[in-house]
Every structure is written in structure tokens, then in C-alpha cells.
Amino acid sequence: MNDRQAMLPEFKRLIKEYPPPTIEELFTLLNSDEEFKKNRMRYFETQEDGFCYSHTVPGNQKTTWNFVRIQNYFENVRKICDELEKTFNVRVFCSSYYSPESSQAFPAHFDAYDLFGVQVFGSKKWKIWPQLPESVYDKELTPAQGPIISDWIPRFQPEVMVANPGDVFYVAARRPHEVIALDSDSFSHMFAVLDADSKFVDF
């Protein structure tokens with residue numbers, strides 16, 4: 001366990017003290033704020049025939065809705081980010097994910113930053129592989145990940161974690177992971193802890 005993972009009890013306390021927005025509050029913001037709708041919404045879907053990404057509302061029922069940088073719109077989320085920033089002395093952003101049952105937003109991928117997550121409702125199955133070496137860090141951008149992932153993950157058995165409502169969890173930077181919503185719609189908040197040299201892909 002590293003120092004950041006040891007912060008999970010404190011993260012859980014912050015979530016309880018400063019409850020993040022409900023999905024209803026996010027949809028209310030989406031329907032009332034054109035700037036948010038235009039600049040802070042992303043839509044993702046992964047199927048057998050590939051990965052789809054859009055800035056506009058898709059018609060497919062298996063698409064994940066991604067609300068980006070919501071700390072700019074909700075005071076409680078800003079307070080959580082502020083507390084984490086004070087602790088780690090780095091920037092922290094928050095994005096939220098609403099996924100239909102049995103859907104997958106992204107193919108197996110890795111992030112260049114640590115993640116703290118809270119599962120609000122529904123359940124998701126996470127497969128998490130061992131951490132990639134730092135030598136691949138500069139190749140973090142999503143379009144360049146395919147060859148890295150396809151070479152790395154077949155070497156290892158992934159850890160399997162099911163995130164249920166109320167669970168908090170930590171995923172270290174450069175750990176490849178794949179996430180699938182289970183038998184009901186799913187909603188979660190993810191806090192990205194960026195080091196000084198982290199790339200933040202604004203998805």
C-alpha cells in the first residue's frame with residue numbers, strides 16, 4: 001500500500017462530509033447550462049467492433065455519460081478537491097460517469113494519474129493489471145495506448161474488484177484497467193490526482 005492508497009479512509013470521510021451531486025443534480029445542470037453541455041460533456045462506448053467517442057448525445061442505449069471537471073460547478077466537490085490538493089500538494093479534478101447496465105465506456109487502458117473513486121449506485125466490475133513501468137509514461141494519450149496495452153496485459157492475471165454502492169477505491173497511475181457496468185445502471189465519481197508532470201486528457 002502506498003501513501004496515497006492509505007488515504008482511502010480520509011477520502012471516505014470527505015465523501016460523507018461533502019456529498020457529491022446526485023445524478024439528478026447533474027442532469028439538471030446539463031439541461032440548464034449551455035456552457036456545461038457544450039464543454040463538459042463526453043459520451044463513450046466500447047463494443048466488439050471498437051470504441052466510440054462523441055461530444056453530442058448519442059442514440060445508443062449503451063453509451064456512458066461523462067460529466068467532466070464538475071468541481072467547477074458544485075461546491076462540495078470543490079471542497080473535496082481542495083482537501084486532497086492540500087494533502088498531496090498537486091491538482092485534483094473530478095469527473096462523473098453514468099453508465100447503462102452491461103455497458104463498457106472504455107477499452108482496457110491506463111491513466112497517467114492516480115484515481116480515487118466512489119460508487120454511488122449500481123455496480124461495476126473492474127479488472128486491474130499490474131502497473132506499467134515509467135518508461136511508457138510519455139505515451140499516455142489514449143490513441144497511442146493500443147500497442148502498449150495489447151503487449152502488456154496478456155502477461156498477467158488481472159485483479160478483479162466489484163465496486164458496489166458506497167464503496168470507495170484507489171487505482172494507481174499507469175495500472176491498466178477495464179470497467180464494465182453489471183446488471184443495473186451505474187453512477188460513480190472519479191477524482192484524478194495529478195502530479196506536476198501528469199497529462200490530463202480532458203475526456
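The values are calculated or read from the model by the stated rules, or taken from the named source; none is laboratory data. On a predicted model such as this, the values are computed, not experimentally measured, just so you know. Glycine gets a Cβ as well: all are built from the backbone with ideal geometry, and neighbour counts include every protein chain shown.
The table below gives the values:
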{"read-out": "Within segment 48-82, considering residues that are touching a residue at least 40 places away in the same chain (Cβ under 8 Å) and part of a strand (DSSP E or B), the one surrounded by the most Cβ atoms within 10 Å (Cβ to Cβ)", "value": "Phe67"}
{"read-out": "Residues that are part of a strand (DSSP E or B) and in contact with a Pro (Cβ under 7 Å, 6 or more places away or on another chain), drawn from segment 107-117", "value": "His109"}
{"read-out": "Number of the condition not met by Asn89 [criteria: (1) within 18 Å of the chain's Cα centre (by Cα); (2) within 23 Å of Val168 (Cα to Cα); (3) polar (S, T, N, Q)]", "value": "(1)"}
{"read-out": "Cross-chain or 6+ apart pairs with Cβ under 7 Å, segment 151-179 first and among the polar types (S, T, N, Q) and modelled with pLDDT of 95 or more, then crowded, with 16+ Cβ neighbours inside 10 Å and assigned to a strand (DSSP E or B)", "value": "Asn164/Gln119"}
{"read-out": "Scan of segment 163-196 for residues that are out of contact with any Leu (no Cβ under 9 Å at 6 or more places or on another chain) and among the charged types (D, E, K, R), ordered by number", "value": "Asp167, Glu178, Asp183, Asp185, Asp195"}
{"read-out": "Those helices (runs of 4 or more DSSP H) lying entirely in segment 1-45 with at least 3 residues among the polar types (S, T, N, Q)", "value": "23-32"}
{"read-out": "Among (1) surrounded by fewer than 19 Cβ atoms within 10 Å (Cβ to Cβ); (2) within 26 Å of Ile148 (Cβ to Cβ); (3) of a type in the set (Val, Ile, Thr), the one test that Thr87 misses", "value": "(2)"}
{"read-out": "Any hit, segment 175-189, residues being in contact with a strand residue (DSSP E or B) (Cβ under 7 Å, 6 or more places away or on another chain), more than 16 Å from Tyr98 (Cα to Cα) and of a type in the set (Val, Ile, Thr)", "value": "no"}
{"read-out": "Segment 25-47, residues that are within 23 Å of Phe121 (Cβ to Cβ), more than 19 Å from the chain's Cα centre (by Cα) and exposed (fewer than 15 other Cβ atoms within 10 Å of the Cβ)", "value": "Thr28, Asn31, Ser32"}
{"read-out": "Positions within segment 98-125 being of a type in the set (D, E, K, R) and surrounded by 21 or more Cβ atoms within 10 Å (Cβ to Cβ), in sequence order", "value": "Asp111, Asp114, Lys124"}
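Every residue, every condition in (1) part of a loop (DSSP other than H, G, I, E, B); (2) surrounded by 18 or more Cβ atoms within 10 Å (Cβ to Cβ); (3) touching an Asp or Glu at 6+ places or on another chain (Cβ under 7 Å), yes or no:
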site	(1), (2), (3)
Phe93	no, yes, no
Ser96	no, yes, no
Lys127	no, no, yes
Leu132	yes, yes, no
Ile148	no, no, no
Pro154	no, no, no
Val162	no, no, no
